[in-house]
1. Among the residues of segment B:144-167, which ones are surrounded by fewer than 22 Cβ atoms within 10 Å (Cβ to Cβ), at pLDDT 95 or above and not in a strand (DSSP E or B)?
2. Quick check on segment A:107-116. Is at least one of its residues part of a loop (DSSP other than H, G, I, E, B), out of contact with any helix residue (DSSP H, G or I) (no Cβ under 6 Å at 6 or more places or on another chain), modelled with pLDDT of 95 or more and closer than 18 Å to residue A:9 by Cβ?
3. Just to be sure before I move on: is residue B:95 surrounded by fewer than 22 Cβ atoms within 10 Å (Cβ to Cβ), more than 10 Å from chain A (Cβ to nearest Cβ) and over 23 Å from residue B:175 (Cβ atoms) in the structure I sent?
4. For the structure I just gave you, tell me whether residue B:80 is under 16 Å from the mean Cα position of the chain (by Cα) and either more than 20 Å from residue B:234 (Cβ to Cβ) or without any contact (Cβ under 8 Å) to a residue 40 or more places away in the chain (or both).
5. Answer with yes or no whether residue A:131 is outside any helix (DSSP H, G or I), over 30 Å from residue B:47 (Cβ atoms) and in contact with a strand residue (DSSP E or B) (Cβ under 7 Å, 6 or more places away or on another chain).
6. Identify the single condition in (1) away from every other protein chain (no Cβ under 14 Å); (2) not in a strand (DSSP E or B) that residue A:198 does not satisfy, given that it satisfies every other one.
7. So how many residues does segment A:1-10 have that are surrounded by 23 or more Cβ atoms within 10 Å (Cβ to Cβ) and either within 14 Å of another protein chain (Cβ to nearest Cβ) or under 21 Å from residue A:87 (Cα atoms) (or both)?
8. Can you name the residue in segment B:218-227 that is outside any loop (DSSP other than H, G, I, E, B) and within 13 Å of another protein chain (Cβ to nearest Cβ) and is also farthest from residue A:124 (Cα to Cα) among such residues?
């Protein structure tokens, strides 16, 4: 069997080198590019992201990442968002009083965590969604988070979709969305590429699922 | 589901080599930062910190290579500090593979640097490193602690607690508080200073300086540290990262 091909979307944000290496480590054939054709054709697309919601959206739009993601999802082709790359999948972000439209794949708003210590920085466990593919075998492990903002609720999706999204939660001050699995679209608030062996296991689960589609 | 207290080994790197002797019989090259980082990762380090003590810019270039090679092999967060003077330095380190960057002296000289870095890259990449000591001579500061430079040899008269608070207001996402009084003593972290800074900053706080026994790490976590950094006790094999984490776990403190 040939290795699943993965494109890590290169739009000037995120510690892309780590993401590339972590995916190679789990057996994917990885290309770092913003080329729309390559991003459309790969078995999987990874959308990394660090920093501010607004600047990540600007960066994404600059390489037409929004269209690339939309088209892939419309065709049922897998996409994995990481950290702010997950946050932009929601309807909007509120940072420093600035409201920024997201990609709107899911309803809801990303806003500031309400906890005594912010950023939420370090290793934490999650409550995996029942039947989660991503967390299969690493249900009780720690993952590395670093973020000040999060989706603190997950409103129900309209439109009578057949399969509701599987939402994995974590807690910092209150509950927030740690990961979502929603058909071809998956995302994690934490950094699997920085989460040691547990993160590698999760990425293996995702990469393996690419070939099963 | 509370966030785990992090244990962080720190490596001093000069021209791409680890300085301050490291003593592991089973390492092929104990002077290679990549090999050491790999070793600490395997022991359960939650993060690795490199402190670049290179004097020349040519030697710093070597550090970028080391950061890159480490990031290719070690899949836990990597923080690099030492000699960071501009947003360009931060950019270079992040591109090389660092996840976070420590700023120290340059931010004291020009606090706006903190804001510039936070605005361009986000607070989460910016660790404010503070080398502080109790004021012994010179005019007292409000907290009794002052910021030092030159490895603790020069006092600045700047109040250390106030500086930490100001830097966080300017955008620092984390504070690394290094006690120059405790550093090298192995008599324990400066818990009073830690508690004083904990009072005024709502970002993660890393305790550094003075670790000698696993109990010292427990005491610092109880004093409010989110992360515990040490160098020589790990390098000389006095204890392993795993030993420290076991002690923390036994004390009821969450660790990975």
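The values are calculated or read from the model by the stated rules, or taken from the named source; none is laboratory data. None of these values were measured; they are calculated from a predicted model. Positions of Cβ are generated from backbone atoms using ideal geometry, with glycine treated the same way; all protein chains shown enter the neighbour counts.
1. Within segment B:144-167, B:144, B:162, B:165, B:166 meet the criteria.
2. Within segment A:107-116, none of the residues are part of a loop (DSSP other than H, G, I, E, B), out of contact with any helix residue (DSSP H, G or I) (no Cβ under 6 Å at 6 or more places or on another chain), modelled with pLDDT of 95 or more and closer than 18 Å to residue A:9 by Cβ.
3. Working: surrounded by fewer than 22 Cβ atoms within 10 Å (Cβ to Cβ): yes; more than 10 Å from chain A (Cβ to nearest Cβ): no; over 23 Å from residue B:175 (Cβ atoms): yes.
So residue B:95 fails the test.
4. Details: under 16 Å from the mean Cα position of the chain (by Cα): yes; either more than 20 Å from residue B:234 (Cβ to Cβ) or without any contact (Cβ under 8 Å) to a residue 40 or more places away in the chain (or both): yes.
Yes, satisfied.
5. Values: outside any helix (DSSP H, G or I): yes; over 30 Å from residue B:47 (Cβ atoms): yes; in contact with a strand residue (DSSP E or B) (Cβ under 7 Å, 6 or more places away or on another chain): yes.
Spelling it out, residue A:131 is indeed outside any helix (DSSP H, G or I), over 30 Å from residue B:47 (Cβ atoms) and in contact with a strand residue (DSSP E or B) (Cβ under 7 Å, 6 or more places away or on another chain).
6. (1)
7. Within segment A:1-10, the first condition is being surrounded by 23 or more Cβ atoms within 10 Å (Cβ to Cβ), and the residues that meet it are A:4, A:6-9.
Next cut, either within 14 Å of another protein chain (Cβ to nearest Cβ) or under 21 Å from residue A:87 (Cα atoms) (or both) only: A:6-9.
Residues meeting the conditions: 4.
8. B:221
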